[in-house]
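The next block holds one structure in the form of C-alpha cells; read it before the comments.
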Amino acid sequence: YFIDARSWDEYFPDKKTENPFPRTLYPKKRPVSLPRGGPWQYIETDWGPLDATDEEFGGDYLVSEWVGAQLLKKHDKPFFLACGIYRPHEPWFVPKKYFDAFPIEKIQLPPGYREDDLEDLPDQGKRRGPNRYFAHIRAHKQWKHAVQGYLASIYFADTMLGHVLDALEKGPNARDTIVVLWSDHGWHLGEKQHWQKFTAWRVCTRVPLIVRVPEGTRGLPQGTKPGTCSKAVSLLSLAPTLLELAGLPSSKVHDGPSILPLLANPNKDWPHAAITYLETPGSFGLSRGNWRYIRYIEGGEELYDVKTDPYEWRNLAGQKKYLETLERFRALAPKKFAELVKPKVDTLPALKWKPLVGDAKAPPSKPDGNPFDVVFINQSKRKVELFWMDHAGGPKSYALIDSGAQFAQQTRPGAVWMIAEAEGAQAGTALGYFKVGDRAARAVVPK
C-alpha cells in the first residue's frame, strides 16, 4: 500500500510518509479468534471486539474526522475529495459496541451457501471455489463468529460514512457536491465453499454503487432523483461519468462508458455489458440484463439467470435450451487480453533477513500452499549462493547470485532459503536466511 504523494495536494496521514494507514488500535497478542493454519494463511484473517472508543481505535475514525473537516470548509475552487474507509477489509477488529449489535446467537449463516453448490461447475470453477480458509474456519467452529466480525466491521464503516455525510450536510458544500459511494469488491463467507475474494461469481464481484448529483450540476442540471437502477454497470465507468458530470473533456484512457444516461433515467435502455477480469488473461465474467456469464481460459463456462437464481446455484451453460443465450454472451466476450504485468520488484513486500552467527543453522522448510515467485536481491559486495533448506534441514543449492544482481525463484509459503558465501576460503559459510510468507515478495541480502 502506498499514497502516491504526487497525485494529491493534501493527504491524511502525511503524504510524505507514503504510508496510507493512520494510527489504528490492534490487539497486542495475535491471533485472537482464528489460529494460524500454516504459512499459507493471511495473517490478517482474524477478528474480535476491542474495548475502546472510536477515537481510541483510530483508523477510519481519524480518516472520517479529517475528511469531515475538509467538507466543513468553504473552498474557492472546485475540489475532488477521496475518502478511503478501510473496514471491512481484514482484520475485523473494531470497538465492541459494533459487535454487540450482532449477538452471536442471532447470527445467520450466508443464505447463498449450499453444500452441493459445486456439482454443476466446470473443473476450473470447482478448483477456484473451495479454499483452505473456509475449511479452516469451520474446523475451528468460527463461521458464525467470523460473520459477526464482518457485520460489525460493516456497521463501523457505515458509521464512519455517516460522520462524513453529516459534515457535508452541515458545511457550505452540501448543495453543489457530487457524492459517489462504492466498494472495490464483494466477499465470500462460504458461498461456493470459498472464503475471501478472487472469483468471478456475483458474491465477489457485486458492490454498492450510490450516486447523488445535486441540481445545477453542469452535466446533469436536473440532478438525480431517489431511485434504483437494475442495469449492470462497471466501476470502469466512474471516471468518465465524473468527467461528464463536471463538464470536463473525456479521456481516451478510460475503458468504461459514462453512466450519466442511467443517472438521468434509471430505466433507460443500456446496451453495455459489465466485465470482470480475473488475474489470468482470458478468464472473465460478464453481466448484462438478468444474466451472468463466466468463462475460464481453459474453456470452462458458467451461465446463470440471476433473476431467478441470484445465488448462482444452477449453472445453465450445459443445457441445450440456453444455447442461444450462451452464444449471445460468447459474442460479447473480449477479443483481446493484455498480458499479465507482474508488479515491480521494489513494490513487493520485503521478507525479513535473519542473520546466522557462529554455528547457528537455518531451520528446515515446511512448505504449505500455492507457488509464487520470490525475488532475491544481492546488495552485498560479494557473490552469494542460494540454498533451499529441505524438510530435514539439509541445504540444496539453487543459484549463484552476483553482487548487485537479482534472481527470481518459484517457492511456496513456509519455505526457507539460506544465503551462504560463494567464493574463497569461506565458501559455503551460512550468512542468513529468509522464511517465505503467504505471497510474492523480495528478499534483500544486506550490504
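The values are calculated or read from the model by the stated rules, or taken from the named source; none is laboratory data. Since this is a predicted model, take the numbers as computed values, not measurements. For neighbour counting, all protein chains shown are included, and Cβ atoms are generated from backbone atoms with ideal geometry for every residue, glycine included.
Starting from residues that are touching a Leu at 6+ places or on another chain (Cβ under 8 Å) and farther than 30 Å from PRO371 by Cα, keep the ones in segment 43-54 and report whichever is surrounded by the most Cβ atoms within 10 Å (Cβ to Cβ). Before the answer, list the steps.
Of segment 43-54, the ones touching a Leu at 6+ places or on another chain (Cβ under 8 Å) are 45-47, 50, 52.
Filter once more, keeping what is farther than 30 Å from PRO371 by Cα: 50, 52.
Working: LEU50: 18, ALA52: 15.
Per the stated criteria, the residue is LEU50.
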Looking at segment 181-223, which of the residues that are part of a loop (DSSP other than H, G, I, E, B) and in contact (Cβ under 8 Å) with a residue 60 or more places away in the chain is surrounded by the most Cβ atoms within 10 Å (Cβ to Cβ)?
TRP201
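Just to be sure before I move on: is SER397 closer than 14 Å to MET418 by Cα, modelled with pLDDT of 95 or more and touching a Gly at 6+ places or on another chain (Cβ under 8 Å) in the structure I sent? Quick ask: steps written out before the conclusion?
On the way: closer than 14 Å to MET418 by Cα: yes; modelled with pLDDT of 95 or more: yes; touching a Gly at 6+ places or on another chain (Cβ under 8 Å): no.
So SER397 fails the test.
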Give the residue that is nearest to GLY58 (Cα to Cα), with candidates limited to residues of segment 84-115 that are in a loop (DSSP other than H, G, I, E, B) and of a type in the set (Val, Ile, Thr).
ILE85
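For segment 230-254, what are the residues that are assigned to a loop (DSSP other than H, G, I, E, B) and touching a strand residue (DSSP E or B) at 6+ places or on another chain (Cβ under 7 Å)?
Of segment 230-254, the ones assigned to a loop (DSSP other than H, G, I, E, B) are 230-234, 246-254.
Scanning segment 230-254 gives ALA232, VAL233, SER234.
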Result of the Cβ filter at 9 Å on segment 16-30, keeping first residues that are closer than 13 Å to LEU50 by Cβ and partners that are of a type in the set (Phe, Trp, Tyr) and in a loop (DSSP other than H, G, I, E, B), at least 6 apart or interchain, is THR24/TYR86
Residues of segment 277-299 that turn out to be farther than 16 Å from LYS335 by Cα, touching a residue at least 40 places away in the same chain (Cβ under 8 Å) and either part of a loop (DSSP other than H, G, I, E, B) or charged (D, E, K, R) (or both), as a count
4
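So is ALA420 over 33 Å from the mean Cα position of the chain (by Cα), part of a strand (DSSP E or B) and closer than 13 Å to ALA362 by Cα or not? Walk me through how you get there before you give the answer.
Numbers: over 33 Å from the mean Cα position of the chain (by Cα): yes; part of a strand (DSSP E or B): yes; closer than 13 Å to ALA362 by Cα: yes.
Answer is yes for this residue.
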Which of the residues belonging to segment 1-42 are surrounded by 12 or more Cβ atoms within 10 Å (Cβ to Cβ), among the hydroxyl-bearing types (Ser, Thr, Tyr), under 21 Å from the mean Cα position of the chain (by Cα) and assigned to a loop (DSSP other than H, G, I, E, B)?
TYR26, TYR42
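Which residues, counting only those in segment 215-224, are under 20 Å from GLU169 (Cβ atoms) and either aliphatic (A, V, I, L, M) or over 31 Å from the mean Cα position of the chain (by Cα) (or both)?
Step one: of segment 215-224, the residues under 20 Å from GLU169 (Cβ atoms) are 215-217, 223-224.
Correct list: GLU215, GLY216, THR217, GLY223.
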By residue number, the members of segment 116-132 that are assigned to a loop (DSSP other than H, G, I, E, B), among the charged types (D, E, K, R) and surrounded by 15 or more Cβ atoms within 10 Å (Cβ to Cβ) are ASP117, ASP120
Looking at (1) aromatic (Phe, Trp, Tyr); (2) in a loop (DSSP other than H, G, I, E, B); (3) within 18 Å of PRO39 (Cβ to Cβ), find the lone condition where TRP313 falls short.
(3)
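How many residues are part of a helix (DSSP H, G or I) and either acidic (Asp, Glu) or surrounded by 15 or more Cβ atoms within 10 Å (Cβ to Cβ) (or both) when one looks only at segment 149-180? Step through it out loud before you land on a result.
First, pick out the residues of segment 149-180 that are part of a helix (DSSP H, G or I): 149-170, 174-176.
With either acidic (Asp, Glu) or surrounded by 15 or more Cβ atoms within 10 Å (Cβ to Cβ) (or both) added as a condition, the list becomes 149-161, 163-169, 176.
Qualifying residue count, segment 149-180: 21.
Based on this model, can you work out whether THR241 counts as in contact with a helix residue (DSSP H, G or I) (Cβ under 8 Å, 6 or more places away or on another chain), at pLDDT 95 or above and on the phi < 0 side of the Ramachandran plot? Step through it out loud before you land on a result.
Values: in contact with a helix residue (DSSP H, G or I) (Cβ under 8 Å, 6 or more places away or on another chain): yes; at pLDDT 95 or above: yes; on the phi < 0 side of the Ramachandran plot: yes.
Yes: the conditions hold for THR241.
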